[in-house]
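Here the structure is laid out as structure tokens; the discussion comes afterwards.
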Amino acid sequence: MTSADLTSSRREQALDWLLRLQQAPLDSPLHSAFEQWCASDPANAEAYRKAHKLWQLTGQLAPTTTEHWPKAQVLPMPARRNRRWWLGAAVAACLLVAVAPSLSLRLQADYRTAQGETRDVTLADGSVVQMDSDTAIAVDYSGNHRDVKLLAGQAFFEVAPNKAKPFHVRADAVKVTVTGTAFNVELRPGRVGVDVQHGSVRVEDSADGHVLSDALTAGERLRYVDGLVQVKTFVPSQAAAWRQGQLIADDQRVAELVQALARYLPGKVVLRDEALGEKRVTGVYDLRKPEAALRAVIRPHGGEVRSYGPWLLVLGSP
């Protein structure tokens, strides 16, 4: 494990301890286990000290259920007069967002990646799943089906052919069915995207079985946004460009690119300026340097990035 990975893991553990102690302040065995964790390494105690300080700065806003945890990666920001109060609330949200995926996805996912991490997984039938940053999947190969549920992020699938056992990918309200092909599926709040590199897939709404595309073929891209379907063409070699560390934008909204880049950064990314978010951008951006990519996306439209520690980046006009 690299130094950066170790630091990230320790920070995640500190946040995990913080939430558990807040929810069970009178649990003596829990406190004993926490003290042992702190004593095992001075860096652990320091990580918790920083997490606790952040918690104090944000007013100790503790969630009671997962329904109260914020889910979006990009938030609008209110007028300047409310900024001081809102900044505190946003930092609190950063803390909860850092903890929430660890607690909820850990229970559901068979495979996960952290921010900035990619991973290749070979499934039991020989199919390969390439997972992007901050991605989680659950796998079910029981019975006569092969099911993969995309819980978060995006993944590129190279499916081993087997007509007797169709391969299904479920992402939110979308179900993709194939027998053997290569395609990318991306899940964002209110949106699912499917890009086919070769072969073809059937895409439907998993809730009611409504067919969104009976045969989405190589070089076709489907976007299902808030119940609306859009199909466009693209160069098949550009499918899942994230595998080469690239984010390719073709006349896309700044808000969409900010949302995509937020997966590669710790904490929260806040888009303060709605008008800036509606601007259009075309270009190729380096996912290995996500903060620099954010600056490159908004700078042509007069935007700037402000950093508030490791947990919050605020984007807007000067």
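The values are calculated or read from the model by the stated rules, or taken from the named source; none is laboratory data. Bear in mind that the values here come from a model prediction, so they are computed numbers and not experimental data. Note that each Cβ is placed from the backbone with ideal geometry, even for glycine, and that neighbours are counted across all protein chains shown. Accessible surface areas use protein heavy atoms only, side chains included; no ligands, DNA or RNA. Shrake-Rupley method; radii C 1.70, N 1.55, O 1.52, S 1.80 Å.
Return the long-range amide H neighbours of K268 (sequence gap of 5 or more, or a different chain), with a cut-off of under 5 Å between placed amide H atoms.
Answer set, sorted by chain and number: L312, L313.
Gain in length, D27 to Y308, computed as 0.36 nm per residue apart minus the alpha-carbon separation, to one decimal in nm? Intermediate results must be reported in sequence, preceding the final value.
Values: separation 281, 0.36 × 281 = 101.16 nm, distance 3.37 nm.
Answer, rounded to one decimal: 97.8 nm.
Using only the Cα atoms of the range 116-251, build the gyration tensor, take square roots of its eigenvalues as a ≥ b ≥ c, and label the shape rounded, prolate or oblate: rounded if a/c is under 1.5, else prolate if a/b is larger than b/c, else oblate. Working shown, then result.
On the way: a/c = 1.35, a/b = 1.11, b/c = 1.22.
Because its axes are fairly even, with a/c under 1.5, the range 116-251 counts as rounded.
Using a 1.4 Å probe on the protein heavy atoms only, what accessible surface does Y111 show? Give it in Å² to the nearest 10.
60
If I stretch the segment between D286 and H198 completely, what's the gain in nm (0.36 nm per residue apart, minus their alpha carbon distance), one decimal?
On the way: separation 88, 0.36 × 88 = 31.68 nm, distance 2.50 nm.
Fully extending the segment from D286 to H198 adds 29.2 nm.
Filter K175/K232; K268/K289; K232/K279; K149/K289 down to the pairs with a C-alpha to C-alpha distance above 25 Å, please.
Long pairs (Cα-Cα over 25 Å): K149/K289.
With a ≥ b ≥ c taken as the square roots of the eigenvalues of the C-alpha gyration tensor of the range 192-318, please select rounded if a/c is under 1.5 and otherwise prolate if a/b is larger than b/c or oblate if it is not? Spell out each step's value before the answer.
Working: a/c = 2.26, a/b = 1.88, b/c = 1.20.
Since a/c reaches 1.5 and a/b is larger than b/c, the shape of the range 192-318 is classed as prolate.
Report the net charge of residues surrounding R119, where surrounding means a beta-carbon distance below 11 angstrom and charges are Lys +1, Arg +1, Asp -1, Glu -1.
Working: positive: R112; negative: E117, D120, D132.
Residues close to R119 contribute a combined charge of -2.
Based on the mean of other beta carbon atoms within 10 Å per residue, what is the order of 189-202, 24-37, 131-144, most packed first?
In descending order of packing, they fall as 189-202, 131-144, 24-37.
Using a Förster distance of 41 angstrom, determine the FRET efficiency expected from the C-beta separation of N144 and S40, and round it to 0.05.
On the way: r = 48 Å, r/R0 = 1.16.
In this case the efficiency is close to 0.30.
Between A275 and T217, with labels modelled 7 Å along Cα→Cβ, what's the label distance in nm to one decimal, could you check?
4.5
Counting heavy atoms of the protein chains only and a 1.4 Å probe, report the per residue accessible area for the range 161-265 as a whole number of Å². Intermediate results must be reported in sequence, preceding the final value.
Numbers: 4520 Å² over 105 residues.
Value for the range 161-265: 43 Å² per residue.
Just need the relative contact order of the range 184-305 here, percent rounded to a whole number, with Cα pairs under 8 Å and 6+ apart. Intermediate values should be presented prior to the final figure.
Working: 188 pairs, mean separation 21.9, N = 122.
Worked out over the range 184-305, it gives 18 percent.
With a probe of 1.4 Å, find how much accessible area the range 275-315 has per residue, and write the answer as a whole number in Å². It would help to have the intermediate numbers written out before the result.
Details: 2160 Å² over 41 residues.
So the range 275-315 comes to 53 Å² accessible per residue, rounded to a whole number.
Suppose R0 equals 22 Å. What FRET efficiency, 1/(1 + (r/R0)^6) with r the Cβ-Cβ distance, do K50 and R119 give to the nearest 0.05?
Working: r = 28 Å, r/R0 = 1.26.
For K50 and R119, the calculated efficiency is 0.20.
Along the Cα→Cβ direction, 7 angstrom out, place labels at D110 and I248. What is the inter-label distance in nm?
Using points 7 Å along Cα→Cβ, the separation is 3.0 nm.
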